[in-house]
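Written out below as C-alpha cells is the structure these notes cover.
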Amino acid sequence: MRTIRNRLCTAGMASGMAVAEKGRSDLGKEVEEKLHEFITYLKQKNPHSSYDVAKRTVLLLREVCSKTRWYSARDLITNIRAAGKKLIAAQPSESAVGNMVRRVLKIVREEHASCVAGSVDEVDVRALLQGRDDSDDLSRQTPHLKGSVIEIINDLLGELELSASNISSQAPDHIHSSEVLMTTGYSKTVEAFLKAAARKRKIEVIVAESAPFYRGQELAKNLAVAGVETIVVTDSAVFAIMSRVNKVIIGTHTVMADGSLKAINGSYALCLAAKRHSVPVLVCAALFKLSPQYPCSYDHDTFNKIVSPHDILRFSEGQLVSKVHVQNPVFDHVPPDLITLFVSNIGGNAPSYVYRLISELYHPDDQEL
C-alpha cells in the first residue's frame with residue numbers, strides 16, 4: 001500500500017510539473033469566483049483608490065498561494081501570472097495591479113531560493129543580483145515554501161496599511177513654518193501629509209481646483225475643516241500665483257521606471273510653473289505606485305484613461321458637438337526633470353534613484369507578465 005501511495009504521489013507531482021511546463025494554471029473554483037468579483041470592481045467607471053486596488057490585489061494573490069494547486073515555485077508563478085494577466089486586461093490603466101503581481105512574484109522567487117539553500121546567507125548573491133534563476137531550481141519542490149510566501153505576503157499587507165502614515169510622518173522634515181504650499185486635485189496621501197505638517201508648523205495651502213473634475217475643492221474643504229488655512233484657485237491662476245509659493249506638494253497615480261509621473265490632469269502645468277519659478281516639487285507616493293514600466297507615446301490606452309467629454313463640452317450644445325472631436329484624459333505625463341524629490345514610505349529619493357528601487361522590488365524576469 002505504501003508503494004502504491006508513493007507512486008500515486010509521484011505521478012501527481014509529475015502531472016503538476018507537466019501542467020506548469022505547458023504554461024497552464026489551475027486556480028480552482030473559489031479563487032476564480034473571487035477573481036471575477038475583483039475584475040468586476042476594476043471595470044467599474046467610478047475612480048478607484050490606488051491603495052484599495054493594491055490591497056485587494058495582494059489579498060487575492062494570497063488566496064492564489066494558499067488555495068490553488070501547485071507543487072513547486074514554477075507552478076505557483078504560473079498561477080500568479082495567470083491571475084495577474086486577467087486583472088491587468090480588465091483595467092490596463094490601474095498600474096497598482098501589475099506592481100503588486102510583480103512584488104508577489106519576487107517574493108516567491110526569493111523565498112524559493114532561501115528554502116532551497118537552507119538560509120538567506122547561503123543563497124548565491126551574485127546570481128540574485130544578476131537576475132538569474134536556474135529553471136531546474138524553480139521546479140524543485142520545497143516543503144516550507146507556502147508558509148514562507150504567505151508570511152511575507154502578510155508583511156507586504158502591513159507595509160501597505162502603514163504606507164500613508166509613514167509618508168505623513170516625514171512632513172515636518174520637508175516643510176517649515178510660515179511656508180506657502182501648493183497642490184492640485186485630491187490625494188489622500190497629500191491630505192494626510194499636509195495635515196501632519198499643519199500639526200507641527202503654521203502653513204498656508206493653495207489648492208488648484210483641477211477642472212473638469214474639481215476634486216481640488218474636496219481637498220480644500222477637508223483641510224479647512226482640519227483648521228488648515230486654505231485657498232482655492234482656478235487652474236488658469238496657477239502660473240500667476242506661483243511666485244509666492246515655497247513648495248509644490250502633489251500626489252500621483254503611478255511613478256514610472258524613468259522617474260516620470262502619471263499624475264492627475266493639471267499636474268504637468270503646475271510642475272512647469274514651479275520649474276519656471278524655481279519652486280521645488282515634492283511627490284508623495286507609496287512604493288506600491290512604483291512601476292517597472294516605461295511610458296510609451298504610442299500606448300495611450302494603457303498609460304491614460306479617456307472619460308466622457310461631457311464635463312468639458314455639454315451634449316446640449318448639439319451644433320458644436322457635431323463639429324468637434326473632444327478628448328477628456330484623466331492623467332498627465334510629468335517628466336522626471338520637473339520633480340525635485342519623491343517622498344515614499346521608506347524615505348525621500350531623487351528621481352534618478354528610482355531605477356535602484358525598481359531593482360530591489362521587482363525581478364527582471366517579471367517585467368513582462
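Read-outs: derived from the displayed coordinates by stated rules, not from any lab. Every value quoted in this text rests on a predicted model; they were computed, and no experiment measured them. For neighbour counting, all protein chains shown are included, and Cβ atoms are generated from backbone atoms with ideal geometry for every residue, glycine included.
The table below lists the values:
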read-out: Relative exposure of C296, C271, C65, judged by other C-beta atoms within 10 Å (fewest first); value: C296, C65, C271
read-out: Selection from F239, V228, P280, by position along the positive dipole direction of segment 169-366 (Cβ); value: V228
read-out: Net dipole in debye of segment 169-366 [+1 Lys, Arg Cβ; -1 Asp, Glu Cβ; about Cα centre; nearest 20]; value: 620 debye
read-out: Segment 184-324: relative contact order as a whole-number percent, Cα under 8 Å and 6+ apart; value: 22 percent
read-out: Cα radius of gyration and Dmax for segment 211-278 (Å); value: 13.0, 38
read-out: Along each principal axis, Cα extent of segment 208-348, largest first, Å; value: 52, 38, 29
read-out: Cross-link reach list, lysines versus K305, counting only Cα pairs under 17 Å and skipping chain neighbours closer than eight places; value: K43, K45, K262, K289
read-out: Per residue Cα convex hull volume in Å³ - calculated over segment 182-237; value: 58 Å³
